[in-house]
1. What is the mean number of Cβ atoms from other protein chains located within 10 Å of the Cβ atom of each residue in peptide B:41-48, rounded to a whole number?
2. If we sort B:165-176, B:185-196 on the protection proxy, mean other Cβ atoms within 10 Å, highest first, what's the order?
3. Mind checking the angle between helix B:63-79 and chain B's longest principal axis? C-alpha axes, 0 to 90 degrees, to the nearest 10.
4. Do you know the relative contact order of chain B, to the nearest whole percent, from alpha carbon pairs under 8 angstrom that are 6+ apart?
5. Ignore the peptide's own chain and count Cβ atoms of other chains within 10 Å of each Cβ in A:163-176; give me the average, rounded.
6. Assuming R0 = 22 Å, what is the FRET efficiency of residue B:179 and residue B:272, from their Cβ-Cβ distance, to the nearest 0.05?
7. For helix B:36-55, what angle does its Cα long axis make with the longest principal axis of chain B, in degrees from 0 to 90 and rounded to 10?
8. Just B:222, B:67, B:212 to compare: in a GNM of chain B, with alpha carbon springs under 10 Å, which one fluctuates most?
């Protein structure tokens, strides 16, 4: 993706703050797969994920003036908006914990997605799926994509509350190790 | 604070994934500001997570791009209020300056232009009103004339009617007055069927005739009433027939009459009656 970039992040931010449509077109082309990926992973339903993606871009459009370059990268800011928007939508739909577990625990879902959608980095994902055990992936996804609390994760995975943070740390460290090898 | 211990405590990973309490989050914010090592560790964990997120990337359906960018365009106007307060203030200050400058030099000319336009509009309106009112005035004038003429004819009719009423009342008064004597004159043998009635007050000598049924006289002739006093015929005046005959006609005063008779004479009456032209006659009773 980096090769396709023709704007520096600073240039992009300036263009977006000026509400230049051209920059929003560029932003869409380069970041919509990542943001849509988050939306889809959270809400699962493709139509709903499309609505969420529109909501995400509206929030970026309306809130770009509040984005502060000193506080972090543009991508981090957008990913947080995407995750919060998607999880809010999920909560407003009254999603039950059981559904979250089913969606996350369904290993074939990721495999199916690998087969159907040409992922930006499907080789990397395949490696992660291979090397990160199911429990580690589930704990990351429950927290990150479903917005579960420690308490909820403790109940879903049937592990003591005090163990949740430790397992989470281990899972992320494992993820980092995998990523370092690539 | 033992920074290394803090970093390896697992809080950084849990912070990045969003699994820490509000209090822990605030503690983390402070640590990030105070210790560059903490900030670096958080950024690194953040970037790893983002790499994972990037792996999950999916191309959205193609139609969404156009739809979403259209939606943003529509929102362009609505987006203005979302801008922090400082910017609208700056815009507020700019706009009056831009607007105000061109307004001043244009003003006097504009006033005259508007003034002329207004005056012309008023003139046209006035002309239209004048025409409208003149037409109305003409209409009223002719209406007034026709009303006046009908008023005149009503007045004339009223005069006629009141005159008729007056006569009718007079007749009624005569008929009511017990002093009057009524003498019915019937047709002579040669003029059977003719009738006329005399109404006579011997005291006041007032005499009226009612020509109930007499043939229409030739144009140059007229009926004349005679009072028979001690065998002599005394002229009691001429009277009309036709229209006038329907009401009582006053004739000359008559004194001491024993009988009355009507003859047909030349117009204006004769000094002596033409006896063979006697149409009706009647004696005074008692």
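Quick note: the coordinates plus some simple rules give every number you see, no bench work behind them. None of the values given here were measured: they were computed from a predicted structure. Cβ coordinates were reconstructed from backbone atoms using ideal geometry, including for glycine residues, and neighbour counts include every protein chain displayed.
1. 4
2. Going from most to least packed, we get B:185-196, B:165-176.
3. 70 degrees
4. 11 percent
5. Per-residue shielding by partner chains comes out at 4.
6. About 0.10, to the nearest 0.05.
7. With both axes taken from Cα atoms, the answer is about 70 degrees.
8. The residue with the greatest mean-square fluctuation here is B:67.
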